[in-house]
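Below: one structure, written as structure tokens.
The values are calculated or read from the model by the stated rules, or taken from the named source; none is laboratory data. Just so we're clear, the structure is a prediction, and the values are computed from it rather than from any experiment. Cβ coordinates were reconstructed from backbone atoms using ideal geometry, including for glycine residues, and neighbour counts include every protein chain displayed.
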């Protein structure tokens, strides 16, 4: 593929979403979807039982019945507390911004604030901190840190960014206070939103600091912005966010079931249990199970779409009009392997070595003998090195070089300038389209023809 053709590819950045690929990737999460269905079924059955038990409560005025009513009121109060805890967590999951962020490329805005004190000590060249005995300096630094974490007034940007809940905005703000240095970190779905939030935090923190030094008559203290940047980062703490939230709901559901069982054993709900319809509870449980499956499947679909990851080799090549050299076979087992075979590209029975051999021979036909080919990718360096080793073993006419860091590594950039051709290596649900765009842009800037793609 010529450099002109590669340039045309980089101009086409509109993702062509593959419906079979996104549905296949959704089905691979069948365990999570099934778990959601079970949780919904448990919640629905519990609510149905509670409603019937409440309707069956005794109404006579004897002393014994009065005692039962008191116990029933306690039971209803506890069940209501469990149900409300479960509902609150589902509502939070629906509203929070955390689950919509791409953990592999999380927009982050960061600023470093410096509290200048007349008692600041220079502890090294270019490094200073508030003296231990400077109570006023430490008080100002701590107060501003707490204000940033919990006291920001977001009303001026709520309508612009489309978020009304202060709690949801506050959870995106991180603060680290070390002596007279305050580091503010804003996580957000996109860099523009993160930058706007950081600007608001800096402005309000500065005004708050002015109020504090005026009230406390500490005009000799100052605050300044030492550094500020907006970028994308990896936040590993977000990887298991959904599983953690579902585990919380599971814990409350189990606690509720345990409470019901223990209360029933005590005999305090005998009169109500006699009139509870088991079939009605089962029907409600089945209905909620189906709703839970649909809810979780839709949530997974939205996540896969919003994360903008490569979902299949066909989707990647259709999006950019690339040539596929090889698709490595799925390493999944059992049901997951069967699901992956829904996509035609995963149905081949060839071994991994045979696939690399085909990729190498195909590439040999497309390049001149004695050419050097760079493997560009956003995959881990070890993975790219493994791909390169495989191709060097099977290639007869070309030499391959691993270039996993051309986006941020000077040495790899130098190596890129020396190769004759490049091959793009991408991983399904590992490589992002943002990274692929960067790689293709770099290869175009260096005028390196693109031979094709290898998808893992």
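Filtered by the rule that a residue be in a strand (DSSP E or B) and surrounded by fewer than 17 Cβ atoms within 10 Å (Cβ to Cβ), the stretch 159-182 gives 174, 176, 178. Determine if the stretch 138-158 includes at least one residue that is at pLDDT 85 or above, more than 26 Å from residue 189 (Cα to Cα), touching a strand residue (DSSP E or B) at 6+ places or on another chain (Cβ under 8 Å) and surrounded by 15 or more Cβ atoms within 10 Å (Cβ to Cβ). Checked against the condition, which is being at pLDDT 85 or above, more than 26 Å from residue 189 (Cα to Cα), touching a strand residue (DSSP E or B) at 6+ places or on another chain (Cβ under 8 Å) and surrounded by 15 or more Cβ atoms within 10 Å (Cβ to Cβ), the stretch 138-158 yields at least one hit.
Taking the residues in the stretch 268-309 that are outside any helix (DSSP H, G or I) and surrounded by 14 or more Cβ atoms within 10 Å (Cβ to Cβ) as candidates, determine which candidate is modelled with the lowest pLDDT. Among those residues, the one meeting the criterion is 269. From the list 429, 396, the lone residue that is in a loop (DSSP other than H, G, I, E, B) and either touching a strand residue (DSSP E or B) at 6+ places or on another chain (Cβ under 8 Å) or within 18 Å of residue 324 (Cα to Cα) (or both) is 429.
Only one of these is in contact with a helix residue (DSSP H, G or I) (Cβ under 8 Å, 6 or more places away or on another chain), outside any loop (DSSP other than H, G, I, E, B), surrounded by 15 or more Cβ atoms within 10 Å (Cβ to Cβ) and modelled with pLDDT under 90: 401, 444, 453. Name it. Step through it out loud before you land on a result.
Values: 401 fails: modelled with pLDDT under 90; 453 fails: modelled with pLDDT under 90.
It is 444.
Taking the condition touching a strand residue (DSSP E or B) at 6+ places or on another chain (Cβ under 7 Å) and surrounded by fewer than 21 Cβ atoms within 10 Å (Cβ to Cβ), does residue 367 pass?
Criteria met by residue 367.
Among the residues of the stretch 111-118, some residue qualifies, meaning at least one is farther than 25 Å from residue 232 by Cα, buried (at least 17 other Cβ atoms within 10 Å of the Cβ) and either assigned by TED's automatic domain parsing to the domain that holds residue 214 or modelled with pLDDT of 70 or more (or both).
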